[in-house]
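See structure below.
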Amino acid sequence: MASRHMSDRVEGGSRNEGGLTERKQSQATHRPAFDPEAFARSADTVYLVAPAATQKLHAPIVVCLLDQIRSATYRRHPAPPMLYALDEVANIAPLPDLAATVAEGGSQGLVVLACLQD
């Protein structure tokens, strides 16, 4: 039986169910995979897509990520400005400060493009 399975010891740690070694899993939890400050300085793009059936499940992480990006952008005032392109804004995660972000974002380096459909 042992010959059918990979060794339990890989790269200095045993593998968990997700396939990560204990060392890599520990490293992943101690340093964030996404740095909003670095993102605000970059010309990178992030796409957040969630099917309608699971939007409520994903809403907290979407709201948190957008808030972190907004805060980092406000601190930096990028030129050219950051763009939030929010499609189906009425159906995405509820953004509690959307009205304030639209009102103040332009002067803070964040342009909001909100698309609605009937």
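For A85 and A38 in the same chain, what is the full-extension length gain: residue separation times 0.36 nm, less their Cα-Cα distance, in nm? Don't skip to the answer; put the middle values down first.
On the way: separation 47, 0.36 × 47 = 16.92 nm, distance 1.94 nm.
This chain segment gains 15.0 nm when fully extended.
Got a number for carbon plus sulfur as a percent of the range 26-118's accessible area, 1.4 Å probe?
Result for the range 26-118: 60 percent of the exposed heavy-atom area is carbon or sulfur.
Once the principal axes of the Cα atoms of the range 73-118 are found, what is the range along each, listed largest first in whole angstroms?
If we take the Cα atoms of the range 73-118, the spans are 34, 19, 15 Å.
Quick query: amide H of V111 versus all other amide H atoms, modeled in the peptide plane; which residues come in under 5 Å with a sequence gap of 5 or more or a different chain?
Long-range HN contacts for V111: M82, L83, Y84.
Starting from the Cα-Cα distance between D97 and K56, subtract it from 0.36 nm times their residue separation and give me the gain in nm to one decimal.
Using 0.36 nm per residue and subtracting the Cα-Cα distance, I get 13.0 nm.
Over all alpha-carbon pairs of the range 51-97, lay out the pair-distance distribution in 10 Å bins, whole %, shortest bin first.
23, 49, 23, 4
At 1.4 Å probe radius, can you tell me the per residue accessible area of the range 30-118 in Å²?
The answer is 69 Å² per residue.
The values are calculated or read from the model by the stated rules, or taken from the named source; none is laboratory data. Keep in mind that what you see is a predicted model, and the values were worked out from it rather than measured. These area figures cover heavy atoms from the full protein model, side chains too; ligands, DNA and RNA do not enter into them. Shrake-Rupley method; radii C 1.70, N 1.55, O 1.52, S 1.80 Å.
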